[in-house]
Amino acid sequence: MVRYTALKGLYDLEKTIGSGGFAKVKLATHVATGEKVAIKIMEKTTLGEDLPRVKLEVEALKTLLHQHICRLYQVIETENHYFMVLEYCSGGELFDHIVEKNRLPEIEARRFFCQIISAVAYMHNLGYAHRDLKPENVLLDKEENLKLIDFGLCAKPKMGMQAHLYTSCGSPTYAAPELIMGKKYLGSEVDIWSMGVLLYALLCGFLPFDDNSLENLYKKILSGKYEEPYWLSHDSKALIKSMLQVDPVKRITIHELCHHPWITSNSLKPVVFIHKTKFEKDDEVLSTMSAICGESNTDIWKKLMRSDRTDYRTATYLLLLDRKLRGLSLKIATKS
Ligand SMILES: O=C(Nc1ccc2c(c1)CNCC2)c1ccc(F)cc1
């Protein structure tokens, strides 16, 4: 096991739970609270021109505080590495969950899809587009709630969500026609298309557009034609059709999506996005911390407010707060 001195005493590294392009994700234990976390480890040399994506993802995750967006607890930068300490999503990838069940019944698909809409509506409302929405970037926590990850491609256009984007990014299978055509596009509109592909995958168990040859895949996406399996209900077909519109102008908007009958059919209320508990002062959590570090609640809180919210103190506070919100006892490991 590679030893990273930067983590010594703070996090105990365990098994590797994911390895993507330029990052490796390892399960770890936050020493002070014993809570599990996922640490995304990136080597600066292999990052190369992807380095700006790390900074983009950190800034996005520090701003996006939502119950269905994976929480960032701490960032550690050393001479050769970046370590992003993230919320551990023990249920793994939604993709594996769909494959395991072959396809999801409409009720379960709706529950998951409402959580995704809530997170994406919240992001768009804050001026962020994800641009890489796909089942691999949707994880499950232990209560089978969804967590969006991988904001390395997200965009926060300076001129707001009405400003056009040009960078072609994300994986073609989930990419909107205007994006693969290299046209200017709106981040919000390409996210809706990707969500349409996601919903199709949830309900069908396979992808609407798939082909081993990139050229044929592009042709299928640009045609906007896909199979409609017999088990899809009328409303599901209508909703998918409204999201997989080749012409972005005809595509359903995130606001219409929140109020769509397929979405509200059970709960009869539109999807709302509730801010995740921002940085509320919680004295019980602060007292638990002050019992160890000897500082007063006020001093700890002042330091938290002044920090850049990515240090060990912030991680400890947030992990204790998560424990409390899950109804667990607050404990801190004393120096053994
Ligand atoms: O928790 C994560 N991944 C994870 C967790 C559990 C399991 C997996 C991935 C995959 N195998 C099943 C178990 C995770 C969390 C944040 C992140 F950015 C990337 C990955």
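Where a number appears in this text, it was derived from the coordinates with a stated rule and is not lab data. Just so you know, these numbers come straight off a predicted model, no measurement behind them. No Cβ is skipped: glycine too gets one built from the backbone with ideal geometry, and neighbour counts run over all protein chains shown.
Assorted remarks:
- When the stretch 67-118 is filtered for residues that are within 13 Å of the ligand (Cβ to nearest atom), surrounded by fewer than 17 Cβ atoms within 10 Å (Cβ to Cβ) and within 21 Å of Pro208 (Cβ to Cβ), the ones remaining, listed by number, are Phe95, Asp96, Val99, Glu100.
- Residue ID - farthest from Tyr73 (Cα to Cα), chosen from residues in the stretch 278-307 that are assigned to a loop (DSSP other than H, G, I, E, B) and touching a residue at least 24 places away in the same chain (Cβ under 8 Å): Asp282
- Taking the stretch 58-145 as the region of interest, the strands (runs of 3 or more DSSP E) fully inside it that hold 1 or more residues being free of Cβ contacts under 8 Å to residues at least 12 places away in the same chain are 72-77.
- Helices (runs of 4 or more DSSP H) (entirely within the stretch 184-252) containing at least 1 residues that are among the basic types (Lys, Arg): 214-223, 234-243
- Taken together, the residues in the stretch 213-244 that are closer than 23 Å to Ser171 by Cβ, touching a Pro at 6+ places or on another chain (Cβ under 9 Å) and either among the aliphatic types (A, V, I, L, M) or surrounded by 14 or more Cβ atoms within 10 Å (Cβ to Cβ) (or both) amount to 11.
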